[in-house]
Structures are given as C-alpha cells and as structure tokens.
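Student: Quick one: structure below, then a few questions.
The values are calculated or read from the model by the stated rules, or taken from the named source; none is laboratory data. A quick note: this is a predicted structure, and the numbers were derived from the prediction, not measured. Note that we place each Cβ from the backbone using ideal geometry, even for glycine, and neighbour counts take in every protein chain shown. The area values use the complete protein model at the heavy-atom level, side chains included, leaving out ligands, DNA and RNA. Shrake-Rupley method; radii C 1.70, N 1.55, O 1.52, S 1.80 Å.
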Amino acid sequence: QVQLVESGGALVQAGGSLRLSCVASGITFGINAMGWYRQAPGKQRERVASIDSRGATNYADSVKGRFTISRDNAKNTVYLQLNSLKPEDTAVYYCNVLSINYNDYWGQGTQVTVSS
C-alpha cells in the first residue's frame, strides 16, 4: 500500500521559515520525480517545486529564491525548505510522487499558515 506522509506545516509569521517533509513508502517500482503543490482557499492547486531522479529542480516563479526542494533517495523522502514566507504562501501543501512506471501519488496535505 502506497503512503505519502507529510509533516512540518505550521503557523508562522511573515518572514519566517518552515521545512516540510514527505516520506513515501510502498512504491514498488521506485520513484521518478517528487514534488510539492499547494492549494489556497478558493484557488486551484498549483505546482510549487519538483525534483527529478537526477536532482534537477524546477520552481514556480512565485517561490524562486525563497523555497528549496531536495530529496533523500535512501529514505524516499522529499523536503521543501520555505524561507522568507509571505501571507500569500498560506495554503495546504501536498506532496506528489511520480513512480518509475508513471503512477501518480498524493499525500493528504499539510497546512502552512503565514500571518502578517
């Protein structure tokens, strides 16, 4: 059974930092890309950052220079370091994993709230 367990969401003041983690288990064929998405109230889910199996990263323009995605392949874990947080970063953050056989998996989300 595939499980993605996210952690690290919290209430933080503007300018603060958080580190999100997502541990994946049960993905039989191995992991290709990993990423983070977010969904704010009343808005569509949007991609925040992704990292492929070679470590190449991609970021949404809105978070470039502030967020950093990384992964630990030995632990099947992806991280998202969030710095210089802004109120507009408030959202539920979801972990996404694409397996080697191109199955798509999602975590249940972790809430990030940034107060002004």
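Student: Do the conditions hold for Arg71, that is, is it within 18 Å of Val114 (Cα to Cα) and part of a strand (DSSP E or B)?
Tutor: In short, no.
Student: Can you name the residue in the range 28-50 that is within 12 Å of the chain's Cα centre (by Cα) and among the hydroxyl-bearing types (Ser, Thr, Tyr) and is also least open to solvent (accessible area, probe 1.4 Å) among such residues?
Tutor: Ser50
Student: Let me ask something else about it. I want to confirm something. Restricting to the range 63-77 and keeping residues that are open to solvent by 30 Å² or more (accessible area, probe 1.4 Å) and in contact (Cβ under 8 Å) with a residue 24 or more places away in the chain, which single residue is farthest from Cys22 (Cα to Cα)?
Tutor: Asn73
Student: How many residues, within the range 78-116, are closer than 15 Å to Arg66 by Cβ and among the β-branched types (Val, Ile, Thr)?
Tutor: 3
Student: Let me ask something else. Here is a list: Leu85, Leu80. Which entry is crowded, with 21+ Cβ neighbours inside 10 Å, within 11 Å of the chain's Cα centre (by Cα) and not polar (S, T, N, Q)?
Tutor: Leu80
Student: Determine which single condition Ala56 fails, assuming it passes every other condition in (1) touching a residue at least 60 places away in the same chain (Cβ under 8 Å); (2) over 16 Å from Gly8 (Cβ atoms).
Tutor: (1)
Student: Let me ask something else about it. Please find, among Ser53, Ser25, the residue that is small (Gly, Ala, Ser), surrounded by fewer than 19 Cβ atoms within 10 Å (Cβ to Cβ) and within 14 Å of Tyr105 (Cα to Cα).
Tutor: Sole residue among the options that is small (Gly, Ala, Ser), surrounded by fewer than 19 Cβ atoms within 10 Å (Cβ to Cβ) and within 14 Å of Tyr105 (Cα to Cα): Ser25.
Student: Among what's in the range 97-116 and is surrounded by fewer than 18 Cβ atoms within 10 Å (Cβ to Cβ) and farther than 21 Å from Val2 by Cα, pick the residue that is farthest from the chain's Cα centre (by Cα).
Tutor: Once the filter is applied, the top-ranked residue is Ser116.
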